[in-house]
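Structure, as structure tokens:
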Amino acid sequence: TAAAYGFDLGTPFEKLPDKIQSLLLYGEPERGGKTGFPGILGYLKQMLEESTSDNYREYLLDHMSATECPACHGKRLRPESLAVRVNGMSIADFTALPISRALETAKKIKLSGREQIIAGRLVHEIVERL
């Protein structure tokens, strides 16, 4: 991977470009049907899931900690998606509702002419599925 992406393995991590840091942590995108390098985090996750040694899994867990993503605050959506609001709610707010309240909320959505063209079918589908 280092040779393919043109960086030296002797370079301290913090001095590597952001693109290379991301590559090392999260891995390569899929190429031609083959999955490339899974990234350090992907590799560690796989080791944690597949290990049959309790001691090794405990060792890995001792060196892991959960942190909230500063971009999405744990909502698993891009900031652009979270910025879209319908009746004052983001998709993350809506999906966090209990089903009965989500149905009530979806039924109360009022769309203007342009909004109806963009989201009318989607709102109808949500109501039908709830």
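Bear in mind these aren't lab numbers, they're just calculated from the coordinates by the rules spelled out. All values derive from a computational prediction rather than experimental measurement. Counting neighbours? That spans all protein chains shown, and the Cβs are built from the backbone with ideal geometry, glycine included.
Quick notes on this one:
- Applying the criterion of being under 24 Å from ILE109 (Cβ atoms) and among the small types (Gly, Ala, Ser) to the residues of the range 69-96, the residue that is surrounded by the fewest Cβ atoms within 10 Å (Cβ to Cβ) is GLY88.
- Taking (1) within 17 Å of the chain's Cα centre (by Cα); (2) hydrophobic (A, V, I, L, M, F, W, C); (3) surrounded by 10 or more Cβ atoms within 10 Å (Cβ to Cβ); (4) assigned to a loop (DSSP other than H, G, I, E, B) in turn, ALA66 satisfies each apart from (3).
- If you go through the range 69-112 and keep only what is in contact with a helix residue (DSSP H, G or I) (Cβ under 8 Å, 6 or more places away or on another chain), charged (D, E, K, R) and not in a loop (DSSP other than H, G, I, E, B), you end up with just LYS107.
- Restricting attention to the range 36-57, the residues that are over 13 Å from TYR26 (Cα atoms) and part of a loop (DSSP other than H, G, I, E, B) add up to 3.
- Among residues of the range 65-79 that are over 16 Å from SER90 (Cβ atoms) and without any contact (Cβ under 8 Å) to a residue 12 or more places away in the chain, those with a Cβ under 8 angstrom from a residue that is in a loop (DSSP other than H, G, I, E, B) and of a type in the set (Gly, Ala, Ser), sequence gap 6+ or separate chain, pair up as GLU68/GLY74.
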